[in-house]
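Structure first, commentary second.
Each value in this text was obtained by applying a stated rule to the coordinates, not by laboratory testing. Bear in mind that the values here come from a model prediction, so they are computed numbers and not experimental data. For neighbour counting, all protein chains shown are included, and Cβ atoms are generated from backbone atoms with ideal geometry for every residue, glycine included.
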Amino acid sequence: MAEMKCFTTQIQIAVEQGVGIVDITAKLQEAVQESGIANGSLQGFCIGSTGSLTCIEYEPGVISDLVRSINELAPPDREYEHEKAWMDGNGHSHVQAALMGPSLDIPIRNGRCSLGTWQQVVAINHDVGPRTRKIEITAMGI
Amino acid sequence: MAEMKCFTTQIQIAVEQGVGIVDITAKLQEAVQESGIANGSLQGFCIGSTGSLTCIEYEPGVISDLVRSINELAPPDREYEHEKAWMDGNGHSHVQAALMGPSLDIPIRNGRCSLGTWQQVVAINHDVGPRTRKIEITAMGI
Amino acid sequence: MAEMKCFTTQIQIAVEQGVGIVDITAKLQEAVQESGIANGSLQGFCIGSTGSLTCIEYEPGVISDLVRSINELAPPDREYEHEKAWMDGNGHSHVQAALMGPSLDIPIRNGRCSLGTWQQVVAINHDVGPRTRKIEITAMGI
C-alpha cells in the first residue's frame, strides 16, 4: 500500500464586507495538485471568528439569495450584547459565522477535489469591513 | 505503531423530493468494516449543491420537526434571484443546502462508527424532485 | 518524510441546560500535545443527538447573542412532533443540534490548534437538562 501523506498550506483571499462570498475552488484545487495526493480528503478552516466556509453553486442570483438568508439568521440591524463589550458593530457577524461553521471537508479523488458540476467551495466574510481571510488547508491521503 | 490506511468509496442513495431525509448509518458502517480501519475517522461529503449531511435521532416525529425548521431557513414559497438564471424552481434548495453544509466527520472506534444510541447520520435532499444522492466516503486511521 | 500518526481520545465536559455553551479549546490543545502531532488536523465529534460543536469568540455578550439566534432556529416554546413519541420536552434540542452539526475540524500547526486570536472552540448542549457531553477527538498528521 502507498504511504500516506499529510500536506499543509495556507491560502489568503480578499473578501468584501459582510456578507461577502468568494469562490475558492480553484485555489483548493491548486493545493491538491501541490500536495501530490491522489485520493484522500482536504480540510479547510477559516481563521478568525467572523468567517466561514461552505459549498454552493457560484452563480450571482443564488449568492444573493444566500446572503439574504444568512442576514435573517442574525440580522445586522438588531441589538447585540457583543456591542456592550467591544462596540465594533459586528455582533451579527460573530453569530452568523458560528452558525455557519469555520470548517469543511472536501474529498480528493484522482488528484482533484471531487465536487458536483454546479458545486463550488466558498469563503464567507461576515464582518463589517473587507477582510483578507486566511484559510488553513490540510490534505491527507495516498 | 500500525501503519495508517486511507480507504475511499462512494455510496448512492435514493432520496425523496425536498426536504427528503434518509438514514445512511448502516451504509457508513459497512464502509468502515470494508476499510479494515479500527480507529480513526470517516469523512462523508454529499456531491451536488442541493444536498447535505447531518446527524439526528431518526424518528419520524423529529424528522418532520427538522423539515419544518429547514423550510423556515429558506422557504420554498418565496422569490429567489436564482430563478432568474435557471427557472428550475429550486432556489430555496440551494440556500438550504449551503446553510446545512455538505460534509460531516464521524469518529471510528473499535471498527465501528462511534455515535450516540439515538444519533443517526442522515443524507438530506433539498431539491424539488427525487434524487439519487452520491456520497463520497473517505476513511483514514489505523 | 515523517510517518503519519493517528491519535484518538475522548473528553467529557459538563454543560448547563440548553442552550449551554462551554469553551473546550484548552482541552483540545491538551489532546494535540498528548498526540505528539506537529502538523495535521483534529476532528471533534459530539456524541449524542442534542449536542453540537462550533467556533466563536468566547465572550459573554456574543455567547448570549448566539443563544438567542439558536433559540430562533428551533424555538423551545413551540409544538414538536417529537413530543408525541417521547414526551421529554426536547424536540427543539434535537432540531437545533441537527442544524448546528456535531462535527468540526481544527488544523494543527507547530503542535498547536491553529485558531484566530478571538476564536475559540465550543461545545453546545441543546438539551433541557444539564449534560456531561462526550466528545470524540481524532488527531491525524505528522
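Summary table
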| quantity | calculated |
| --- | --- |
| Over 19 Å [Cα-Cα, chain B], rounded percent | 52 |
| Pair A:D88, C:D23: separation of 7 Å Cα→Cβ label points (nm) | 1.6 |
| Cα-based convex hull, the protein assembly as shown, per residue volume (Å³, whole number) | 125 |
| Given C:K27/C:K84; A:K27/B:K5; B:K27/C:K134, the pairs whose alpha carbons are separated by over 32 Å | C:K27/C:K84 |
| Set of region C:104-141 residues, backbone N closer than 17 Å to the point 7 Å along the Cα-Cβ line of A:I11 | C:107 |
| Inter-copy spacing of B:T25 label points, which lie 7 Å from Cα along Cα→Cβ, given in nm from shortest upward | 3.4, 3.4 |
| Angle in degrees between helix A:25-35 and the longest Cα principal axis of chain A, rounded to the nearest 10 | 40 |
| Shape of region B:47-106, Cα gyration tensor, a/c cut at 1.5 | oblate |
| Expected 222 nm ellipticity per residue - DSSP helices of 4 or more, -39500 (n - 2.57), all of chain A, to 500 | -8500 deg cm²/dmol |
| Nearest-ten-degree value, helix C:60-73 long axis tilted from longest Cα axis of chain C | 60 |
| Per the axis that maps chain A onto chain C, nearest residue of A (Cβ criterion) and its distance in Å | A:M4, 3 |
| Least to most buried among B:R133, A:R131 (fewest other Cβ within 10 Å first) | A:R131, B:R133 |
| Residues with amide H under 5 Å from that of C:E81, placed H, sequence gap 5 or more | B:D65 |
